[in-house]
Each structure stands twice: as structure tokens, then as C-alpha cells.
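Undergrad: Supplied in C-alpha cells, the structure appears directly below.
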Amino acid sequence: MIRRYLGFLMLRTLARIIWRLFRVAVFVAALVLAAPAVLVAAYAAALAWFLGWPPRHLYRAAAWCLPMLAAWLAAMAAGGQPPPGLAAAPYLAWLAMWHEATAGSYLKAAVTVAPLAIPLGLLAGGLAWSWRIYSMETGSGGLAPSAPAAFDQRQWRHQVRTARARIAAPGSVPLLLRDGSVVAGATIRTVRQPARRLTVIPYPRLRSHQVVLGTTGTGKTTLLLRLWAGFMARGMALHAAGRAPRPLLVVLDCKGGADSRRIADRARRVLRATGAASTAIWPDEASLSLWALPPRQLVSTLADMVESGTGGAAYYADVLEEIVRLAVEAPCGPPGSTADFLSRLDANWLALAYAGVPDGGPAGLLRSSAGHVSDVALRYRALLRRLGGGLDGPGGFGDADAWYCILEGTAEIAVAEAQARALVDLLAWFAAGGAGAGSADGAGVRRDILLAVDEFSAVSRRLPIWQLYERARSLGLAVQVSAQSWPGLAADEDERYRVATTADGGIWLLRTPHPEPVAALAGVRRVVDTTRRLLGVPFWAHEGLSRAEGTPVVDPEIIRGLDVGQAAYIYRGGVTYVQVKRLVAGPAELAGPAGLASPAPGAAAGAPATASAAAGPAAVAAGDPGAARPADVSALLDEAFGEEQ
Amino acid sequence: MSERNVAGLLFTAEMYGVQLDQLAVELGVSEVRARALAARWREQGYADSARLGPGRPWVWLTRAGLLACGLPYRPAPPALARLAHLRAVTAVRIALESAPGYTAAGAHWRGERRLRARMGSRVPLREHLPDGEVHWPDPGETPAGAAVAAPAWAGECWAIEAELTRKTVRRTAAIMTEILTRTGDYGCPAAEVRVPGVAPRHARVLYLCSAAARPTVVRARDALPGALAVRVEIRGLPASAALDAGRAAREAAT
């Protein structure tokens, strides 16, 4: 009995082996019979693996081959093949291919079957590659437990290599597509977003709020310059077509120092290439007039620029504001300059100015606050002296297509805070349809405004960033906030979340050590996770359990490992990893004769000099504060020493 | 003597001395071939070589070698205290010369040794000499008279500084100012060193810094007036600048 049972087991095992061998033989025979398509499929799948392509690229390639197939069938029909016989054409071509191959005419055989084999092979390769990705993503593929993780890392390297090659190819990454979308760079990988070769940002998203996070040396400036250039180029095109107002870019760089000035110079040259007629660099080369604000707004701005403290000091703040109001709203009209304003902060001047006013209110106010006027004057004299001439005009936001405002937030925080407050108030008034803030454009000229603020939290003590956000939203301004880290985005956690969650234009995340809060905003996605049985050796069996579970859309580990020039663009619960294409700035213009700065066409007298970026040692006199900057040599230094880390 | 031999001898002379791996990179040959070249020079009495520190052996020119090159330098082996610095400067020169923009513009390097030789015994005690100068020729013309494309910085002279160790911010800023405000060539009469109103000699100074020195250099640049600060370029030293870079590369490969 036992012998019979053992015999039965052996027979069953033998039958199974024979069945498996038969299946393998049939499979191999099918592969051999379909050799041309199999070869194309293998090549296509290997290429997709090597280049880190998604299967969609192979399907698209197969679709592009269909005209070839149609032409081939048309040629057959034109050659006398009756329409019913066309159905047998693939079979006949396949047969002819084998005959030619048997006769040794391999090239002829390949040409005969190519119209059929190439699309079929690409399709099969795409399906095979798709299955491979699926099995690895679900954890059901690979020989070792670590295979899916290794596969993912390897594919990331391949995808990065392909993206880098794409941005290195001249002309392959334009700034704008035909539909006006802005191209940020070459796509590395996408999750829950369309898998395109280029990362494309529709223009309306640049007209919405965006957040950019990345530490120093990760390519944040390169990304920002590209986005600004895209905004300007598309905005100018729409304006030229009469479909939108003229764009206006205002950058508040709250770091200051030499680096900010170099970036300003680079921005000017990049923007010039996109059609911006003039880029004003404030306060080095251009000025704005704080005194152009309407009196009520001017009082509020001037009062906020001075730090008054809280508690008992609030009384002093009220006195200060009243004295400023008296000086600004004097019957003779608002002050026109710093000197004019300071001269009014005098008890005698105020008494004379309000002497003829029948209403007794101001007179009483003057009597009660006369003892404080000299203190208030002292504070404003010190503050306005430290602010310099940048806010003393002439000039307004309407005078240029782009403003690069440098606030010395690192060196002089108090001054930078006051400047930030004044600039934001000026821009808000301008956006609300103010009289152009001294613009030559005339009153009420509307502009499509993008306000980009870098490290604004450094100067936002007196103007919380969410206030700026809310105010911008109500005025139709787009705000782009950038910071080096999540804590740098705003003063407290509530503000940070408020800023990040209202970024309806998307969030750009470059390498940063703590990306979790932002990554979490992208949400989770459902993936299938498979557990498989180990056989005692490091190989898996084909038995196990699969279950759906949530995994973060944005992997914080990938963010922490991003290289220079790589970014993750988070939008609507999906993410696109992108290799940003650096914009090469044009050479600086030649300097004009010393002391002569050519204003932009149409600019008002005293408008910012627009073409003073000059090259050459002759223009760069030693120690001359008015000397222009030398040409940008970043591209050459990148060639020699690699991109700046 | 072949062109490669001449180029190698001149390069070695200009840089005080070079390590074999850098000589190989400069001449575009394998290290074995560079070693053979150095051995031949030594046989001919033009050069000497020894293992002076970590990494590959050093090669430097003897009096006969310098005479053969027509260079008026004092023959001496590279000083032990300056080995790391010499290697860093050589790495910077090689990196620059490997950039297509450099060769396309026809730029050329003028090393510290040449500058020092021009000054002779007139180098003042506190005078600072850059580690090198890069000269960018003015745009030329084709035989047909058409202008040849040239970079925006054509006609400029750059000072090169390889910074391995940290100085004080004050000293670094003083050096930057000295370089950027100099108007005369090295070796010129004292009255021409700084002439008000005359264009400065160096359109910019390029600092190649180690990780340790970089913060100081950045702070020094920030301490300069804006017009000078924008003429200071700061980059990291190439990986091959480290004295034991060869060993590190081998370890990474294995």
C-alpha cells in the first residue's frame, strides 16, 4: 500500500514536471515564432529600465508607429492585394520573414516584418515593463526581500540621469510651451500627476500663491529665477495679445548683503531676455516714494514703522500716531518728502498750520501733546536717516516691469522691518488702483502682480506673513513665499500651516532637513503591500498575502536626498520630482558714459536706471559705489568647478 | 623634445612642482606614462622627483630644466609647508583649463611664481600676491575681418586665490581689497600700484575655498563695500585638490 502511495506521489510529481516543461516549451516556442516582436519588446523594456521611463512612453511610441503600419497596409493594397486579403497580410509578412531569414537575407527579413513587429513589440515591451513596475511596487516581484527597495532606488538613479541628460541637451527645455505653460525642467518622477517628460506649470498657477522651501545651495535661486522668468515671459505675451494687463514682478529679498545684489543682477539679465523692459533694483539704483501714499494710509504706515512696544507703551504709541496724523493731515496738504515731514514735527509749525482751523479738536490735541512732539521728531529723524533715500522718491512701482527690493534683514533687522512694512503698504496701495505711486503709466493702470518674498519671516515681526497673504489675496496679487526651512516660513506653527495650506499654486520643496510637515500636506495614497513566505534561503515563494494600505505621496527620505537643482512640486495631492533647468543670463550691457544712466522708455524723470549692468574693469572703478557689476561668470565656473553646492 | 615634454616642463616650472597624478591629468596621459616622462626628465637632468608628502611623488625642475625653459626662477624643491597649497592651486588651474569656455576664449594662466619673479626682490613685506592670474584676451577678428565671438568678460584679468585654511575675516577682507583696488601690474613702479581713477587690474577675484575656509571668506566678502563685493566670486575647491585625493579616489573605486 505504501509502495503504491509512493508510486502515486512520484507519478504525480512527474506529471507536474512534464506539465511545467510543456508549458515552458510552448512559451519558448511562442517566443521564437514571434522573434521579431520579442526582440523589439525586450529592447524597449530594457531601454525603459535603463532610462527610467514610465510605460506610457512605450505605449506612445507604439501609437506613433501606427501610421507606418497604415502606410504599409496601404502599400499592400496599392500593390494589387485585394481588401479581403489584407487581413492575411501580417501572417504572409511573418511567413516571408522566416523564408528570407532561412535564406540568409536577414536585413530583408527585418525590413519585411518591421512595420508589424515594431508597434507590436513596443506595446508588448510596455506591458511587460508595466507589469514589472507593478509587481515591484506591490512587493510581489523580485527574488529577494530587498528587491523592491533596490529596484526603486535604481530606477530613481536612472530617472535622474535621464532628466539631467534632457536638460543638458540644447533647446530641449524651453521656457514656455506653445500653450503658454511655463516649463520648470525635466521630470524625474511623478506620483499621482501626469507623467510628462517636462514639468509644466500652467500660467494661472503662477498667478496663485506658491511656497518654495529649500536650504542654501540646493538651487532655490535657480528655480525662483525660472519661475519669475516664466511669469514675465507669459505675462508679456498675454499683454502683447491684449488679453491681460502688463505683468509686474516685485521681489522682496529679505537677506541683503552682496549675495542678494548678485542675484538681483542675475535676475535683471534673465528678465531682460524674457521681455521685461526695465528691472529696478531698490534701494541701490531706484527709489520709491513713501509720500505718494494717501494721507490716511501714510499715517498708518508711518506709525507702524516705529516700534512702540506694548502695555504701558501703548499710550505713547497713541500719542505718536496722533502727532503724525496732525503733521500729515495738516490743512496745507500731506508732506512730499522726508525733509518736509520732519520739518512739520515741530510744535510751532503745527500750531501755525492749525491756527486757522475753526474746529477746536486739533488745537486741543496739540496742547496736550506739545511736550512729546520733539521726542517723536527725534525718533523719526533717526528712523528715516537709517532708512536712507530709498523711500524718499521719486519713483513708483509702475515705473518698471520688475522690482528687486533688497532689505538688509541680516545686518539691520529693525531698518529692514520698517522698509518691509512701507514697501508692502506701497504695493498694496498700487495694486488697489492707487495713482500709480508716481507712475508714468498714469492713474489706475492695472497690472498682473507677482510678489515674491524670500525669507520674509526675518522681517515680518510687524507685519505677519499671513496678513500679507490675506491682503494680497483680497487685492488679486499672487504671492510666492520662499524660505530655507519649515520654521523659516513663519513665526509660529499656525502661521506656517496657514501659509502652506493656502498655497493653491503648489508647493516647491527642495532639499531640506525637516520636510515632514510639508510632505504630509500632499496626503497619502493607497498602495498594495504584499507579504511573501520565505523558503529558508533568501528567496521568496509565490505564496503570501496582499493588502491595501496608505503610504505618503511625498517620501520625506527622497526630499532629504535631493541633489542640487532637484525639486519636488506638490500640487493637489500629487508630486512631480523635477530637475530644474538653469536659465543662462545674457551678458551685461555695455556701460554708457560715466554718470549717464539711460532711463527706460516712457519712464518718468528720476525713474530707475534700467541698463546699468555693465561689464569690464573700466566700468568697475575701485570703491566707486555707483559702479556697475561685472558680467556673470557662473556658467563658466559651473563648467570648471561644478554647480555651486 | 616633443611638444608634450615641453608643455609638461613649463607647467611643472610654473607651478613650483607638481604631483605625478596632476601632471598626468594636465598632459592627458596615464599616470604610468607621466611617471615615464618624469623619469626621462630626471635622466636628462631637467627635473628631480621625490615622495615629499602624502599621495604621489612630486616632480620639480632643476636649474638645468629651468634654464632649458628660459625661466628665471630659483630652483628649489617644493617647500614641505606649502605642499597642500601648491596642490590646491594646481588643481584649480587644471579645473579651469578643462572648462570649454576657458580654452575657447584662449585664456591663459599666470602663476604666482611668475608674478614673484617679475617683482624680483621688490616684494614688500606685507604685499600679497595672488596664487595666479587668468588673462582673458580681447576679442579678435577672423582673417575676413569679422569679429570672433568672445565671452562678456573678454579683456579682463582675474586674480585666483586658493584658500585652504582660515585667516581672520579682517585679514581676508584686506587681501580682497588689496587685490581689487590694485591698478598696476606686479613689478611696476610703486607709484603705479594704486592710481585713483584708473581701472583696476583685476576685474574680479575668484576664491576657491575648502569647507573650513569658506565661511570666513564669505564673511570677508560681505564686509566689503558693495562695489567691491560683487567682484568676489567664491567657489569650493575641486575634489582633486586634497593632498590624498588620489588615495581617496582609489578607495572609492574599490
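Undergrad: Say whether the condition of being of a type outside the set (D, E, K, R) and over 26 Å from B:L208 (Cα atoms) is met by at least one residue in segment B:6-15. It would help to see each step written out before you state the result.
TA: Initially, segment B:6-15 is screened for residues of a type outside the set (D, E, K, R), giving B:6-13, B:15.
Subset that is over 26 Å from B:L208 (Cα atoms): B:6.
Yes; the residues of segment B:6-15 include at least one that is of a type outside the set (D, E, K, R) and over 26 Å from B:L208 (Cα atoms).
Undergrad: Name the single residue that is surrounded by the fewest Cβ atoms within 10 Å (Cβ to Cβ) among those in segment A:445-463 being under 19 Å from the mean Cα position of the chain (by Cα) and under 12 Å from A:S482 (Cα atoms). Break it down into steps so the answer makes sense when it comes.
TA: Just the residues of segment A:445-463 that are under 19 Å from the mean Cα position of the chain (by Cα), to begin with: A:448-456.
With the extra rule that they be under 12 Å from A:S482 (Cα atoms), the set shrinks to A:451-456.
Numbers: A:L451: 26, A:A452: 24, A:V453: 27, A:D454: 23, A:E455: 21, A:F456: 28.
Applying the filter and picking the extreme gives A:E455.
Undergrad: Scan A:I406, A:I413 and give me the residue that is modelled with pLDDT of 85 or more and under 30 Å from A:A258 (Cα atoms).
TA: Values: A:I413 fails: modelled with pLDDT of 85 or more.
Result: A:I406 is the single residue among A:I406, A:I413 that is modelled with pLDDT of 85 or more and under 30 Å from A:A258 (Cα atoms).
Undergrad: Now for a different question. In contact with a helix residue (DSSP H, G or I) (Cβ under 7 Å, 6 or more places away or on another chain), modelled with pLDDT under 95, farther than 18 Å from B:N5 by Cβ and not assigned by TED's automatic domain parsing to the domain that holds B:P137, is that true of B:R113? Quick ask: steps written out before the conclusion?
TA: Working: in contact with a helix residue (DSSP H, G or I) (Cβ under 7 Å, 6 or more places away or on another chain): yes; modelled with pLDDT under 95: yes; farther than 18 Å from B:N5 by Cβ: yes; not assigned by TED's automatic domain parsing to the domain that holds B:P137: no.
It is false that B:R113 is in contact with a helix residue (DSSP H, G or I) (Cβ under 7 Å, 6 or more places away or on another chain), modelled with pLDDT under 95, farther than 18 Å from B:N5 by Cβ and not assigned by TED's automatic domain parsing to the domain that holds B:P137.
Undergrad: Okay, moving on. Scanning for something surrounded by fewer than 23 Cβ atoms within 10 Å (Cβ to Cβ), away from chain B (no Cβ under 14 Å) and modelled with pLDDT under 90, does segment A:613-628 turn up at least one residue?
TA: Checked segment A:613-628: no residue is surrounded by fewer than 23 Cβ atoms within 10 Å (Cβ to Cβ), away from chain B (no Cβ under 14 Å) and modelled with pLDDT under 90.
Undergrad: Got a number for residues in segment A:268-309 being within 18 Å of A:A400 (Cα to Cα) and more than 14 Å from every other protein chain (Cβ to nearest Cβ)? Quick ask: steps written out before the conclusion?
TA: Step one: list which residues in segment A:268-309 are within 18 Å of A:A400 (Cα to Cα), which gives A:268-290, A:292.
Add one more test, that the residue is more than 14 Å from every other protein chain (Cβ to nearest Cβ), and what stays is A:270-271, A:274-280, A:286-290, A:292.
Within segment A:268-309, residues that are within 18 Å of A:A400 (Cα to Cα) and more than 14 Å from every other protein chain (Cβ to nearest Cβ) number 15.
Undergrad: Is it fair to say B:L208 is within 14 Å of chain A (Cβ to nearest Cβ) and not hydroxyl-bearing (S, T, Y)?
TA: Values: within 14 Å of chain A (Cβ to nearest Cβ): yes; not hydroxyl-bearing (S, T, Y): yes.
Yes.
Undergrad: Condition test on B:T90, is it within 18 Å of the chain's Cα centre (by Cα), outside the structural domain of B:V25 (by TED's automatic domain parsing) and buried (at least 21 other Cβ atoms within 10 Å of the Cβ)? If you could, list the steps in order and put the result at the bottom.
TA: Numbers: within 18 Å of the chain's Cα centre (by Cα): yes; outside the structural domain of B:V25 (by TED's automatic domain parsing): yes; buried (at least 21 other Cβ atoms within 10 Å of the Cβ): yes.
Judged against the criteria, B:T90 is a match.
Undergrad: Residues that are crowded, with 24+ Cβ neighbours inside 10 Å and out of contact with any Cys (no Cβ under 7 Å at 6 or more places or on another chain): which strands (runs of 3 or more DSSP E) entirely in segment A:184-291 hold 3 or more of them? Working first, answer last.
TA: Working: elements: A:198-201, A:210-213, A:246-253, A:279-282.
So the answer is A:210-213, A:246-253, A:279-282.
Undergrad: Name the one entry in B:V195, B:V205, B:V218 that is touching a helix residue (DSSP H, G or I) at 6+ places or on another chain (Cβ under 6 Å) and in the same structural domain as B:A95 (by TED's automatic domain parsing). Spell out how you get there, then give the answer.
TA: Working: B:V195 fails: touching a helix residue (DSSP H, G or I) at 6+ places or on another chain (Cβ under 6 Å); B:V218 fails: touching a helix residue (DSSP H, G or I) at 6+ places or on another chain (Cβ under 6 Å).
When all the criteria are applied, what remains is B:V205.
Undergrad: Restricting to segment B:153-194, name every residue that is within 14 Å of chain A (Cβ to nearest Cβ), crowded, with 21+ Cβ neighbours inside 10 Å and either among the aromatic types (F, W, Y) or over 19 Å from B:H128 (Cβ atoms) (or both).
TA: Residues satisfying the conditions are B:W153, B:E156, B:W158.
Undergrad: Mind checking which residues of segment A:142-167 are touching a helix residue (DSSP H, G or I) at 6+ places or on another chain (Cβ under 7 Å) and either in the same structural domain as A:D563 (by TED's automatic domain parsing) or within 19 Å of A:R60 (Cβ to Cβ) (or both)?
TA: Scanning segment A:142-167 gives A:H158, A:T162.
The values are calculated or read from the model by the stated rules, or taken from the named source; none is laboratory data. Everything numeric here is computed off the predicted structure, so don't read it as measured data. A quick note on method: Cβ atoms are made from the backbone with ideal geometry, for glycine too, and the neighbour counts reach across all protein chains shown.
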